[in-house]
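Reviewing the structure listed below.
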Amino acid sequence: QPTLDVSAVRNDFPILGKPLAEGRPLIYLDNGATTQKPQCVIDKVTECYENYNANVHRGVHTLGDQVTTELENARETVQNLLNTAAVEEVIFTAGTTAAINLVAHGWARKFLSAGDEILVNLMEHHANLVPWQQAAAATGATLRYLPLTPDGRLDLTRLDEVLTEKTKLVAVTGMSNVLGTINPIDELARRAHAVGAVILVDGAQSVPHQPVDVQASDIDFLAFSGHKIYGPTGIGVLYGKAALLNAMDPFLGGGNMIRYVYEDRFEPADLPAKFEAGTLPIAQAIALGTAIDYVTDLGFEAIAAQEHQLTVRAQERLAEIPGLRIFGPAPEHKGSIVSFAVEGLHSHDMGELLDRKGVEIRVGHHCTMPLHDWLQVSSTSRASFAFYNTLEEVDALAEAILYARKVFRLA
Ligand code: PMP
């Protein structure tokens, strides 16, 4: 099995070598919220602005050509990452949220009507729920929920009850941002297609941690965010099958997305410009390409092995802590996310006390309120690991939780 030289990899991330104020070490365990950036990504952003800053696809000048080539190279890098059939199936968006909303407007509002159903489930991020609630309200379609198993996986034994001829869309996350659950996308795609539905995968948490092949998995739409895959903020991707994208309405109107504009109407441009109105986050898109090159050079197998090791250790260490409940399935069914609650300790206190030890985690509902209602807790604490985290950092997390318990005088 390929392994990572973690200390060498850590040197690629300048922030990891910088202690927090008062000399506390930085133990960054909030990678589900956003990941740190390697030097090569930071340098690429600077390179864009220093060397070939211009608008893309507009100029007949040298800089414009240069920046356009860089941007289109980044699009090809995304194509290779996802194995899309065509490069124009890669649409640059502002992030996962923007990508999902694009489909909710351009596809759902055009093709859904009363009586149609959208299949979701309780582990979805608000970004993969609210746009469907809005689209349902606009079209008369309804949302159905696939139940979860007690340990927080999709209950496929109930799929036949909720996935029917009425289902037009299955919207599902590749990996839960709270439970860490990795969902069986290939099977869901097969089952969705068997009833004539399309499947949209929220890849915000899954794409940075596991290989994806949209053709092999027969995924119709896939969204992910650059900032969670070691790239810049403000950039993300919507993949869609060309036939679907071509049939959809454009979401945003404006420059770049048209072929021709008359006084009273317009003809949309071809893919991908049709869905890229206005000026893109150009440097961010180009540096996203660099980030993807960086992770693919490390290799997803090596990344997954390191992250799995961290997850297993975290589950072991945290299970020893009295009054601590871990949410979500066993490590073999999940990615590198461990959410927990400690009896008698509110997650916001937990977050602050861990921060005193330099341990940065996320606390709250993590944009999954229906999931937290189902778990019957108002908030949770979440540690989320990246390949640059170490077993020592996981131990520091456990020690910091014990410290927090002591501060609260929990027996
Ligand atoms: N889906 C999931 C599963 C996520 O974890 C997140 C980010 N927290 C999003 C969607 C939204 O991503 P973004 O804020 O980058 O649009």
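Here ALA137 clears all of (1) open to solvent by 10 Å² or more (accessible area, probe 1.4 Å); (2) touching a residue at least 12 places away in the same chain (Cβ under 8 Å); (3) more than 27 Å from ARG382 (Cα to Cα) except the condition numbered (2). Can you find a residue in the range 1-10 that is over 22 Å from GLY289 (Cα atoms), assigned to a helix (DSSP H, G or I) and charged (D, E, K, R)? No, every residue in the range 1-10 fails to be over 22 Å from GLY289 (Cα atoms), assigned to a helix (DSSP H, G or I) and charged (D, E, K, R). Look at (1) surrounded by 18 or more Cβ atoms within 10 Å (Cβ to Cβ); (2) more than 30 Å from ASP5 (Cα to Cα); (3) more than 16 Å from the ligand (Cβ to nearest atom) and you find that PRO322 fails only one, number (1). Restricting to the range 21-47, what's the tally of residues that are among the acidic types (Asp, Glu) and either in contact with a helix residue (DSSP H, G or I) (Cβ under 6 Å, 6 or more places away or on another chain) or in a strand (DSSP E or B) (or both)? The number of residues fulfilling the criteria is 1. Of the helices (runs of 4 or more DSSP H) entirely within the range 301-411, those holding at least 1 residues that are under 25 Å from the mean Cα position of the chain (by Cα) and within 29 Å of GLN133 (Cα to Cα) occupy 347-356, 369-375. Considering every residue within the range 53-74, establish whether at least one is within 16 Å of the ligand (Cβ to nearest atom), open to solvent by less than 50 Å² (accessible area, probe 1.4 Å) and within 26 Å of the chain's Cα centre (by Cα). The answer is no; no qualifying residue exists.
One residue stands out in the range 96-110 among those that are open to solvent by less than 60 Å² (accessible area, probe 1.4 Å) and within 12 Å of the ligand (Cβ to nearest atom): the one that is nearest to the chain's Cα centre (by Cα), namely THR96. Checked across the range 48-55, the condition of being assigned to a loop (DSSP other than H, G, I, E, B) and of a type in the set (Ser, Thr, Tyr) holds for at least one residue. Among the listed residues VAL198, VAL170, identify the single one that is under 19 Å from the mean Cα position of the chain (by Cα) and either within 16 Å of the ligand (Cβ to nearest atom) or open to solvent by less than 40 Å² (accessible area, probe 1.4 Å) (or both). Being under 19 Å from the mean Cα position of the chain (by Cα) and either within 16 Å of the ligand (Cβ to nearest atom) or open to solvent by less than 40 Å² (accessible area, probe 1.4 Å) (or both) holds for just one of VAL198, VAL170, which is VAL170.
Say we look at the range 227-248 and pick out the residues that are within 10 Å of the ligand (Cβ to nearest atom) and closer than 19 Å to VAL172 by Cα; which of these is surrounded by the most Cβ atoms within 10 Å (Cβ to Cβ)? By that ranking, first place goes to GLY236.
Looking at ALA291, ALA277, just one residue is in contact with a helix residue (DSSP H, G or I) (Cβ under 8 Å, 6 or more places away or on another chain) and either in a loop (DSSP other than H, G, I, E, B) or open to solvent by less than 10 Å² (accessible area, probe 1.4 Å) (or both), and that residue is ALA291. For the range 348-376, a residue qualifies if it is crowded, with 22+ Cβ neighbours inside 10 Å and among the polar types (S, T, N, Q), and exactly one does: THR368. Taken over the range 75-84, the criterion of being crowded, with 17+ Cβ neighbours inside 10 Å and part of a helix (DSSP H, G or I) is satisfied by ARG75, THR77, VAL78, GLN79, LEU81, LEU82.
The set of residues in the range 173-199 being in a strand (DSSP E or B) and farther than 14 Å from GLU117 by Cβ consists of THR173, MET175, THR181, ILE182.
The values are calculated or read from the model by the stated rules, or taken from the named source; none is laboratory data. Since we're looking at a predicted model, the values are computed, not measured. Glycine also receives a Cβ, built like all others from the backbone with ideal geometry; neighbour counts cover every protein chain displayed. Areas reflect the complete protein model, heavy atoms only, side chains present, ligands, DNA and RNA absent. Shrake-Rupley method; radii C 1.70, N 1.55, O 1.52, S 1.80 Å.
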